[in-house]
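Quick notes on the structure that follows.
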Amino acid sequence: MEVPTLTENQQASLHRVQVRPILPTERERWNTLMQTYHYRGFRTLAGRNLRYVATLDGRWVALLGWHAAAFQCQSRDRWIGWSWILRRQRLHLIANNARFLILPGESFPNLASRILALNLHRLSADWQSVYGHPIVLAETFVESPRFTGACYRAANWVDVGATKGFARRPGGGYVHHGQPKRLLLFPLHPQARAWLAQPQPQLEWTHTPMQTVTLSDAQMEGLRQIFFRLPDTRSKLGKQHPLPAILTVAVAAVLTQAESYAAIAEWAGRLTQAQLRRIRARFDPKTKRYVAPSEPTIRRVLQGADVEALDAAIGAWLLGTAGFEAVAVDGKVLKGAVRAEGAQVHLLSAFLHGQGVTIAQKQIARKTNEIPELRNLLQDVNIAGKVVTADALHTQRETARFLVEDKKADYLFTAVKGNQRKLRDRLTCLPWGDFPPQR
(Lines give C-alpha, C1' and ligand atoms only; values in the text may rest on other atoms or scores of the structure.)
Protein backbone atom coordinates (compact mmCIF):
# COMPACT_ATOMS: atom_id res chain seq x y z
CA MET A 1 0.00 0.00 0.00
CA GLU A 2 1.45 3.36 -1.03
CA VAL A 3 1.96 5.82 1.81
CA PRO A 4 0.37 9.20 0.95
CA THR A 5 2.74 12.14 0.70
CA LEU A 6 1.85 15.27 2.63
CA THR A 7 2.41 18.73 1.25
CA GLU A 8 4.22 21.30 3.35
CA ASN A 9 0.91 23.03 4.08
CA GLN A 10 -0.70 19.78 5.22
CA GLN A 11 2.25 18.95 7.47
CA ALA A 12 2.04 22.38 9.03
CA SER A 13 -1.73 22.00 9.43
CA LEU A 14 -1.31 18.73 11.33
CA HIS A 15 0.78 20.53 13.94
CA ARG A 16 -1.86 23.24 14.33
CA VAL A 17 -4.77 20.84 14.95
CA GLN A 18 -6.20 21.06 18.46
CA VAL A 19 -8.70 18.79 20.24
CA ARG A 20 -10.83 19.99 23.16
CA PRO A 21 -14.14 19.21 24.88
CA ILE A 22 -17.03 21.24 23.53
CA LEU A 23 -18.49 24.12 25.49
CA PRO A 24 -22.06 23.82 26.86
CA THR A 25 -23.18 26.40 24.29
CA GLU A 26 -21.76 24.24 21.46
CA ARG A 27 -23.70 21.09 22.31
CA GLU A 28 -26.61 21.77 19.94
CA ARG A 29 -24.25 22.53 17.06
CA TRP A 30 -22.25 19.36 17.74
CA ASN A 31 -25.42 17.21 17.85
CA THR A 32 -26.78 18.72 14.65
CA LEU A 33 -23.56 18.20 12.68
CA MET A 34 -23.24 14.62 13.90
CA GLN A 35 -26.85 13.86 13.02
CA THR A 36 -26.48 15.45 9.58
CA TYR A 37 -23.14 14.06 8.38
CA HIS A 38 -22.46 10.81 10.25
CA TYR A 39 -23.55 7.78 8.21
CA ARG A 40 -25.38 6.31 11.23
CA GLY A 41 -26.95 9.57 12.28
CA PHE A 42 -27.08 10.49 15.94
CA ARG A 43 -29.54 10.42 18.82
CA THR A 44 -27.60 10.37 22.10
CA LEU A 45 -24.53 9.06 23.93
CA ALA A 46 -25.10 6.36 26.56
CA GLY A 47 -24.20 6.81 30.21
CA ARG A 48 -21.27 9.00 31.15
CA ASN A 49 -20.02 10.74 28.05
CA LEU A 50 -17.83 13.48 26.61
CA ARG A 51 -18.08 15.34 23.31
CA TYR A 52 -14.95 16.68 21.61
CA VAL A 53 -14.24 18.93 18.67
CA ALA A 54 -11.03 19.11 16.64
CA THR A 55 -10.18 22.57 15.33
CA LEU A 56 -7.73 23.91 12.79
CA ASP A 57 -7.07 27.64 13.07
CA GLY A 58 -10.36 27.92 14.98
CA ARG A 59 -12.33 26.05 12.29
CA TRP A 60 -14.20 22.82 13.23
CA VAL A 61 -12.73 19.91 11.27
CA ALA A 62 -13.84 16.83 13.22
CA LEU A 63 -16.15 15.64 16.01
CA LEU A 64 -15.63 12.82 18.51
CA GLY A 65 -18.07 11.31 20.98
CA TRP A 66 -17.22 9.03 23.92
CA HIS A 67 -19.63 7.18 26.17
CA ALA A 68 -19.87 4.22 28.56
CA ALA A 69 -18.13 0.99 27.54
CA ALA A 70 -20.03 -2.00 26.19
CA PHE A 71 -21.46 -3.93 29.13
CA GLN A 72 -20.24 -7.26 27.82
CA CYS A 73 -17.93 -8.19 24.95
CA GLN A 74 -16.23 -11.59 24.91
CA SER A 75 -13.20 -10.58 22.86
CA ARG A 76 -12.48 -7.60 25.13
CA ASP A 77 -13.14 -9.52 28.34
CA ARG A 78 -10.93 -12.37 27.13
CA TRP A 79 -8.13 -9.94 26.25
CA ILE A 80 -8.30 -8.34 29.70
CA GLY A 81 -8.73 -11.67 31.51
CA TRP A 82 -11.03 -10.38 34.24
CA SER A 83 -13.90 -12.05 36.05
CA TRP A 84 -17.52 -10.94 35.76
CA ILE A 85 -17.25 -9.44 39.27
CA LEU A 86 -14.21 -7.34 38.36
CA ARG A 87 -15.89 -6.36 35.09
CA ARG A 88 -18.88 -4.94 36.92
CA GLN A 89 -16.66 -3.14 39.42
CA ARG A 90 -14.26 -1.62 36.87
CA LEU A 91 -16.20 -1.23 33.64
CA HIS A 92 -16.48 2.50 34.30
CA LEU A 93 -12.69 2.71 33.79
CA ILE A 94 -13.21 1.99 30.07
CA ALA A 95 -14.65 4.49 27.56
CA ASN A 96 -16.09 3.74 24.13
CA ASN A 97 -15.41 5.91 21.10
CA ALA A 98 -18.96 5.79 19.78
CA ARG A 99 -18.67 8.51 17.13
CA PHE A 100 -15.81 9.91 15.04
CA LEU A 101 -16.65 12.25 12.18
CA ILE A 102 -14.34 14.18 9.85
CA LEU A 103 -16.48 17.05 8.61
CA PRO A 104 -17.03 17.40 4.84
CA GLY A 105 -14.23 19.10 2.94
CA GLU A 106 -11.73 18.85 5.81
CA SER A 107 -10.03 15.50 5.21
CA PHE A 108 -6.39 15.02 4.23
CA PRO A 109 -3.84 12.23 4.97
CA ASN A 110 -2.95 11.54 8.62
CA LEU A 111 -5.54 13.98 9.93
CA ALA A 112 -7.78 11.31 11.52
CA SER A 113 -4.95 9.47 13.29
CA ARG A 114 -3.50 12.79 14.49
CA ILE A 115 -6.85 13.81 15.98
CA LEU A 116 -7.26 10.42 17.67
CA ALA A 117 -3.80 10.67 19.21
CA LEU A 118 -4.50 14.16 20.55
CA ASN A 119 -7.84 13.06 21.95
CA LEU A 120 -6.42 9.97 23.66
CA HIS A 121 -3.65 12.06 25.22
CA ARG A 122 -6.17 14.10 27.21
CA LEU A 123 -9.15 11.73 27.53
CA SER A 124 -8.35 10.30 30.97
CA ALA A 125 -7.62 13.67 32.56
CA ASP A 126 -10.83 15.16 31.11
CA TRP A 127 -12.86 12.22 32.37
CA GLN A 128 -11.26 12.61 35.81
CA SER A 129 -12.19 16.27 35.99
CA VAL A 130 -15.81 15.65 34.98
CA TYR A 131 -16.63 12.31 36.63
CA GLY A 132 -14.02 11.97 39.36
CA HIS A 133 -12.16 8.93 38.03
CA PRO A 134 -9.68 8.19 35.22
CA ILE A 135 -10.01 6.10 32.07
CA VAL A 136 -7.38 3.37 31.60
CA LEU A 137 -8.63 1.70 28.41
CA ALA A 138 -10.38 2.99 25.27
CA GLU A 139 -12.47 0.82 22.94
CA THR A 140 -14.27 1.21 19.64
CA PHE A 141 -16.22 -0.98 17.23
CA VAL A 142 -15.47 -0.89 13.49
CA GLU A 143 -18.04 -2.12 10.99
CA SER A 144 -16.15 -4.60 8.84
CA PRO A 145 -15.77 -4.96 5.86
CA ARG A 146 -17.38 -1.56 5.29
CA PHE A 147 -14.51 0.12 7.16
CA THR A 148 -10.99 -1.05 7.93
CA GLY A 149 -10.33 1.15 10.95
CA ALA A 150 -7.15 2.40 9.29
CA CYS A 151 -7.00 5.62 11.31
CA TYR A 152 -7.31 3.65 14.58
CA ARG A 153 -4.64 1.18 13.54
CA ALA A 154 -2.37 4.06 12.52
CA ALA A 155 -2.86 5.45 16.04
CA ASN A 156 -1.68 2.06 17.48
CA TRP A 157 -5.03 0.63 18.52
CA VAL A 158 -5.05 -3.16 18.99
CA ASP A 159 -7.49 -5.40 17.10
CA VAL A 160 -8.61 -8.08 19.61
CA GLY A 161 -11.29 -9.84 17.56
CA ALA A 162 -14.83 -9.66 16.24
CA THR A 163 -18.16 -9.39 18.01
CA LYS A 164 -20.95 -11.92 17.46
CA GLY A 165 -23.38 -9.42 16.01
CA PHE A 166 -25.54 -8.77 19.06
CA ALA A 167 -26.68 -5.43 20.49
CA ARG A 168 -28.03 -4.73 23.95
CA ARG A 169 -31.64 -3.63 24.14
CA PRO A 170 -32.47 -0.49 26.16
CA GLY A 171 -34.88 -2.45 28.35
CA GLY A 172 -32.50 -5.37 28.91
CA GLY A 173 -31.46 -8.45 26.98
CA TYR A 174 -29.78 -8.72 23.59
CA VAL A 175 -30.95 -8.74 19.97
CA HIS A 176 -29.06 -10.23 17.02
CA HIS A 177 -28.52 -7.68 14.23
CA GLY A 178 -26.27 -9.91 12.10
CA GLN A 179 -23.50 -7.32 11.66
CA PRO A 180 -20.33 -8.43 13.50
CA LYS A 181 -17.80 -5.68 14.14
CA ARG A 182 -14.09 -5.58 14.84
CA LEU A 183 -13.20 -4.51 18.36
CA LEU A 184 -10.16 -2.26 18.74
CA LEU A 185 -8.62 -1.32 22.09
CA PHE A 186 -6.12 1.32 23.17
CA PRO A 187 -4.51 1.08 26.66
CA LEU A 188 -4.12 4.56 28.14
CA HIS A 189 -1.53 3.21 30.56
CA PRO A 190 1.16 0.54 29.98
CA GLN A 191 -0.26 -1.52 32.86
CA ALA A 192 -3.94 -1.02 32.00
CA ARG A 193 -4.54 -4.68 31.18
CA ALA A 194 -2.99 -5.92 34.42
CA TRP A 195 -4.67 -3.24 36.51
CA LEU A 196 -8.14 -4.15 35.27
CA ALA A 197 -7.65 -7.90 35.85
CA GLN A 198 -5.77 -8.04 39.16
CA PRO A 199 -7.91 -8.93 42.21
CA GLN A 200 -6.81 -5.95 44.32
CA PRO A 201 -7.47 -2.39 43.08
CA GLN A 202 -4.41 -0.46 41.96
CA LEU A 203 -2.94 1.97 44.52
CA GLU A 204 -3.55 4.81 42.08
CA TRP A 205 -7.28 4.10 42.46
CA THR A 206 -7.33 4.85 46.20
CA HIS A 207 -9.66 7.78 45.59
CA THR A 208 -11.50 6.11 42.70
CA PRO A 209 -14.69 4.41 43.92
CA MET A 210 -15.23 0.98 42.39
CA GLN A 211 -18.72 0.31 41.06
CA THR A 212 -20.98 -1.95 43.09
CA VAL A 213 -21.85 -5.40 41.76
CA THR A 214 -25.51 -6.05 41.10
CA LEU A 215 -26.90 -9.54 40.60
CA SER A 216 -29.44 -10.51 38.02
CA ASP A 217 -32.71 -12.21 38.96
CA ALA A 218 -31.31 -15.53 37.72
CA GLN A 219 -28.15 -15.18 39.84
CA MET A 220 -30.20 -14.29 42.93
CA GLU A 221 -32.42 -17.31 42.34
CA GLY A 222 -29.34 -19.50 41.89
CA LEU A 223 -28.02 -18.33 45.24
CA ARG A 224 -31.33 -18.99 46.94
CA GLN A 225 -31.54 -22.51 45.49
CA ILE A 226 -28.05 -23.35 46.77
CA PHE A 227 -28.77 -21.95 50.23
CA PHE A 228 -32.09 -23.79 50.33
CA ARG A 229 -30.14 -27.05 50.71
CA LEU A 230 -28.16 -25.82 53.74
CA PRO A 231 -29.15 -27.06 57.21
CA ASP A 232 -30.98 -24.50 59.33
CA THR A 233 -29.50 -24.74 62.84
CA ARG A 234 -31.77 -22.07 64.34
CA SER A 235 -34.31 -22.83 67.02
CA LYS A 236 -37.88 -23.03 65.75
CA LEU A 237 -38.93 -20.59 68.45
CA GLY A 238 -39.09 -17.08 67.02
CA LYS A 239 -37.79 -18.08 63.60
CA GLN A 240 -39.51 -15.83 61.07
CA HIS A 241 -37.21 -15.14 58.12
CA PRO A 242 -36.30 -18.03 55.76
CA LEU A 243 -32.61 -18.94 55.93
CA PRO A 244 -32.08 -18.88 52.10
CA ALA A 245 -33.46 -15.33 51.92
CA ILE A 246 -31.17 -14.06 54.69
CA LEU A 247 -28.06 -15.65 53.18
CA THR A 248 -28.93 -14.44 49.68
CA VAL A 249 -29.31 -10.89 50.98
CA ALA A 250 -25.97 -11.13 52.83
CA VAL A 251 -23.96 -12.37 49.84
CA ALA A 252 -25.56 -9.93 47.39
CA ALA A 253 -24.93 -7.02 49.78
CA VAL A 254 -21.27 -7.96 50.26
CA LEU A 255 -20.84 -7.94 46.46
CA THR A 256 -22.04 -4.33 46.52
CA GLN A 257 -19.18 -3.58 48.98
CA ALA A 258 -21.21 -3.77 52.19
CA GLU A 259 -18.60 -4.32 54.91
CA SER A 260 -20.64 -4.62 58.12
CA TYR A 261 -23.86 -6.14 59.44
CA ALA A 262 -25.39 -2.67 59.52
CA ALA A 263 -24.43 -2.03 55.88
CA ILE A 264 -25.96 -5.37 54.85
CA ALA A 265 -29.19 -4.49 56.66
CA GLU A 266 -29.29 -1.04 55.05
CA TRP A 267 -28.85 -2.65 51.64
CA ALA A 268 -31.64 -5.12 52.39
CA GLY A 269 -33.89 -2.26 53.46
CA ARG A 270 -33.58 -0.71 49.99
CA LEU A 271 -34.89 -3.80 48.20
CA THR A 272 -38.22 -3.40 46.46
CA GLN A 273 -41.25 -5.56 47.12
CA ALA A 274 -40.67 -7.32 43.79
CA GLN A 275 -37.07 -8.10 44.72
CA LEU A 276 -38.03 -9.38 48.17
CA ARG A 277 -40.71 -11.55 46.60
CA ARG A 278 -38.20 -13.08 44.18
CA ILE A 279 -35.88 -14.19 46.98
CA ARG A 280 -38.84 -15.55 49.00
CA ALA A 281 -38.43 -13.10 51.88
CA ARG A 282 -40.75 -13.18 54.87
CA PHE A 283 -44.33 -12.13 54.06
CA ASP A 284 -46.27 -10.28 56.77
CA PRO A 285 -49.95 -11.25 56.44
CA LYS A 286 -51.03 -8.21 58.50
CA THR A 287 -49.41 -5.58 56.32
CA LYS A 288 -49.57 -7.68 53.13
CA ARG A 289 -45.93 -6.79 52.45
CA TYR A 290 -42.61 -8.62 52.23
CA VAL A 291 -40.18 -7.78 55.03
CA ALA A 292 -36.38 -7.55 54.77
CA PRO A 293 -34.31 -9.12 57.59
CA SER A 294 -33.04 -6.70 60.23
CA GLU A 295 -29.44 -6.17 61.35
CA PRO A 296 -29.76 -8.33 64.53
CA THR A 297 -31.34 -11.14 62.48
CA ILE A 298 -28.59 -11.03 59.86
CA ARG A 299 -25.88 -10.94 62.53
CA ARG A 300 -27.29 -13.88 64.50
CA VAL A 301 -27.75 -16.03 61.40
CA LEU A 302 -24.25 -15.40 60.03
CA GLN A 303 -22.58 -15.90 63.40
CA GLY A 304 -24.42 -19.17 63.96
CA ALA A 305 -24.18 -20.54 60.43
CA ASP A 306 -22.30 -23.71 59.47
CA VAL A 307 -19.20 -21.97 58.12
CA GLU A 308 -17.88 -24.92 56.09
CA ALA A 309 -21.26 -25.65 54.50
CA LEU A 310 -21.80 -21.95 53.73
CA ASP A 311 -18.32 -21.63 52.22
CA ALA A 312 -18.89 -24.70 50.04
CA ALA A 313 -22.26 -23.38 48.86
CA ILE A 314 -20.88 -19.97 47.88
CA GLY A 315 -17.94 -21.63 46.14
CA ALA A 316 -20.28 -23.82 44.10
CA TRP A 317 -22.32 -20.77 43.10
CA LEU A 318 -19.21 -18.88 42.04
CA LEU A 319 -18.10 -21.85 39.93
CA GLY A 320 -21.43 -21.85 38.14
CA THR A 321 -21.36 -18.09 37.58
CA ALA A 322 -17.76 -17.34 36.59
CA GLY A 323 -16.19 -18.90 33.53
CA PHE A 324 -12.80 -20.43 34.28
CA GLU A 325 -10.23 -22.85 32.91
CA ALA A 326 -7.80 -23.35 35.80
CA VAL A 327 -7.85 -23.58 39.60
CA ALA A 328 -4.85 -22.77 41.78
CA VAL A 329 -4.32 -24.46 45.15
CA ASP A 330 -2.09 -22.74 47.68
CA GLY A 331 -1.57 -22.67 51.43
CA LYS A 332 -0.93 -19.63 53.58
CA VAL A 333 -0.32 -18.93 57.26
CA LEU A 334 -2.58 -16.10 58.42
CA LYS A 335 -0.58 -13.31 59.98
CA GLY A 336 -1.91 -12.36 63.40
CA ALA A 337 -4.50 -15.19 63.54
CA VAL A 338 -3.88 -17.84 66.22
CA ARG A 339 -5.74 -20.84 67.60
CA ALA A 340 -6.73 -21.22 71.22
CA GLU A 341 -3.51 -23.13 71.96
CA GLY A 342 -1.38 -20.36 70.42
CA ALA A 343 -0.54 -21.95 67.04
CA GLN A 344 -0.97 -19.86 63.89
CA VAL A 345 -3.93 -20.52 61.59
CA HIS A 346 -2.96 -22.28 58.35
CA LEU A 347 -5.43 -22.18 55.44
CA LEU A 348 -5.43 -24.13 52.17
CA SER A 349 -7.37 -22.32 49.45
CA ALA A 350 -8.53 -23.00 45.90
CA PHE A 351 -9.07 -19.96 43.70
CA LEU A 352 -9.70 -19.23 40.03
CA HIS A 353 -6.74 -18.26 37.87
CA GLY A 354 -6.76 -14.66 36.70
CA GLN A 355 -9.81 -13.81 38.80
CA GLY A 356 -8.71 -14.14 42.42
CA VAL A 357 -12.07 -15.65 43.37
CA THR A 358 -11.78 -18.17 46.20
CA ILE A 359 -14.06 -21.15 45.59
CA ALA A 360 -13.02 -23.33 48.54
CA GLN A 361 -10.82 -23.11 51.59
CA LYS A 362 -9.98 -25.35 54.51
CA GLN A 363 -8.14 -24.88 57.77
CA ILE A 364 -5.20 -27.25 58.20
CA ALA A 365 -5.26 -29.09 61.53
CA ARG A 366 -2.10 -29.08 63.67
CA LYS A 367 -1.40 -32.82 63.23
CA THR A 368 -1.62 -32.90 59.45
CA ASN A 369 -0.38 -30.89 56.45
CA GLU A 370 -1.48 -29.60 53.03
CA ILE A 371 -0.81 -32.83 51.10
CA PRO A 372 -3.79 -34.94 52.25
CA GLU A 373 -5.99 -31.86 52.76
CA LEU A 374 -5.84 -30.99 49.05
CA ARG A 375 -8.00 -34.00 48.30
CA ASN A 376 -10.46 -33.03 51.04
CA LEU A 377 -10.51 -29.46 49.75
CA LEU A 378 -11.45 -30.43 46.18
CA GLN A 379 -13.58 -33.47 46.98
CA ASP A 380 -16.90 -31.70 46.40
CA VAL A 381 -15.71 -29.12 43.85
CA ASN A 382 -16.66 -29.69 40.21
CA ILE A 383 -13.38 -29.31 38.30
CA ALA A 384 -13.92 -31.88 35.55
CA GLY A 385 -12.04 -30.87 32.41
CA LYS A 386 -10.18 -28.06 34.20
CA VAL A 387 -6.51 -27.66 35.14
CA VAL A 388 -5.39 -27.65 38.78
CA THR A 389 -2.07 -25.99 39.58
CA ALA A 390 -0.09 -26.49 42.78
CA ASP A 391 3.44 -25.99 44.05
CA ALA A 392 6.21 -28.53 44.65
CA LEU A 393 4.75 -29.75 47.95
CA HIS A 394 1.84 -31.37 46.09
CA THR A 395 3.98 -33.20 43.53
CA GLN A 396 2.65 -36.54 44.80
CA ARG A 397 1.47 -39.64 42.96
CA GLU A 398 -1.71 -39.97 45.00
CA THR A 399 -2.58 -36.31 44.40
CA ALA A 400 -2.06 -36.72 40.66
CA ARG A 401 -4.14 -39.93 40.63
CA PHE A 402 -6.94 -38.20 42.59
CA LEU A 403 -7.09 -35.29 40.15
CA VAL A 404 -6.99 -37.37 36.97
CA GLU A 405 -9.01 -40.45 37.91
CA ASP A 406 -11.42 -39.21 40.58
CA LYS A 407 -11.97 -35.60 39.51
CA LYS A 408 -11.43 -36.04 35.72
CA ALA A 409 -9.17 -32.98 35.72
CA ASP A 410 -5.65 -32.19 34.56
CA TYR A 411 -2.82 -30.93 36.73
CA LEU A 412 0.30 -28.80 36.53
CA PHE A 413 2.73 -28.94 39.45
CA THR A 414 4.75 -25.77 39.05
CA ALA A 415 8.04 -26.97 40.55
CA VAL A 416 9.87 -30.10 41.61
CA LYS A 417 12.21 -29.84 44.58
CA GLY A 418 13.97 -32.14 47.01
CA ASN A 419 10.76 -33.87 48.11
CA GLN A 420 10.85 -35.77 44.77
CA ARG A 421 14.58 -36.34 44.32
CA LYS A 422 14.37 -39.06 41.65
CA LEU A 423 11.86 -37.10 39.54
CA ARG A 424 13.98 -33.96 39.88
CA ASP A 425 17.11 -35.82 38.72
CA ARG A 426 15.27 -37.20 35.67
CA LEU A 427 14.01 -33.75 34.74
CA THR A 428 17.49 -32.28 35.14
CA CYS A 429 18.84 -34.76 32.57
CA LEU A 430 16.32 -33.77 29.90
CA PRO A 431 17.66 -31.72 26.94
CA TRP A 432 15.89 -28.50 27.89
CA GLY A 433 17.92 -26.51 25.38
CA ASP A 434 16.19 -28.34 22.53
CA PHE A 435 12.72 -27.20 23.58
CA PRO A 436 12.97 -24.23 25.97
CA PRO A 437 9.75 -23.48 27.88
CA GLN A 438 7.79 -20.63 26.37
CA ARG A 439 4.84 -18.69 27.64
Go through region 364-380 and report how many residues are at pLDDT 75 or above and touching a Lys or Arg at 6+ places or on another chain (Cβ under 8 Å).
4
Mind telling me which of the residues 245, 258, 252, 268 ends up being among the aliphatic types (A, V, I, L, M), at negative phi and in a loop (DSSP other than H, G, I, E, B)?
258
Just to be sure I understand, how many residues within region 110-127 are among the polar types (S, T, N, Q) and modelled with pLDDT of 90 or more?
2
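Let's see how each residue does on (1) among the aliphatic types (A, V, I, L, M); (2) crowded, with 17+ Cβ neighbours inside 10 Å:
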site: 239; (1), (2): no, no
site: 247; (1), (2): yes, yes
site: 296; (1), (2): no, no
site: 307; (1), (2): yes, no
Residue set 91, 33; condition open to solvent by less than 30 Å² (accessible area, probe 1.4 Å) and on the phi < 0 side of the Ramachandran plot; output residue 91
Residue 72 passes all but one of (1) at pLDDT 85 or above; (2) open to solvent by 50 Å² or more (accessible area, probe 1.4 Å); which number fails?
(1)
Residue 23 - would you say it is farther than 22 Å from residue 192 by Cα, surrounded by fewer than 19 Cβ atoms within 10 Å (Cβ to Cβ) and in contact with a helix residue (DSSP H, G or I) (Cβ under 6 Å, 6 or more places away or on another chain)?
no
Go through (1) aliphatic (A, V, I, L, M); (2) open to solvent by less than 40 Å² (accessible area, probe 1.4 Å); (3) closer than 15 Å to residue 19 by Cα; (4) without any contact (Cβ under 8 Å) to a residue 60 or more places away in the chain one by one and return the number of the condition residue 98 breaks.
(3)
Please verify whether region 52-67 includes one or more residues that are at negative phi, in contact with a Ser or Thr (Cβ under 7 Å, 6 or more places away or on another chain), in the same structural domain as residue 106 (by the TED database) and loosely packed, with under 15 Cβ neighbours inside 10 Å.
no
Going by the conditions given, is residue 132 at pLDDT 90 or above, closer than 28 Å to residue 27 by Cα and small (Gly, Ala, Ser)?
no
Tally of residues being among the hydrophobic types (A, V, I, L, M, F, W, C) and exposed (fewer than 13 other Cβ atoms within 10 Å of the Cβ) across region 132-153
1
Being open to solvent by 60 Å² or more (accessible area, probe 1.4 Å) and within 12 Å of residue 136 (Cβ to Cβ) is the filter here, so list the residues in region 179-200 that pass it.
189, 190, 191, 193
Which of the residues that make up region 154-164 are over 25 Å from the mean Cα position of the chain (by Cα) and open to solvent by 50 Å² or more (accessible area, probe 1.4 Å)?
154
How about region 366-411: which of its residues are among the small types (Gly, Ala, Ser) and loosely packed, with under 12 Cβ neighbours inside 10 Å?
384, 385
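The values are calculated or read from the model by the stated rules, or taken from the named source; none is laboratory data. Keep in mind that what you see is a predicted model, and the values were worked out from it rather than measured. Neighbour counts run over all protein chains shown; Cβ positions are idealised from the backbone, glycine included. When the accessible area is computed, the model is the full protein with side chains, heavy atoms only, and any ligands, DNA or RNA have been set aside. Shrake-Rupley method; radii C 1.70, N 1.55, O 1.52, S 1.80 Å.
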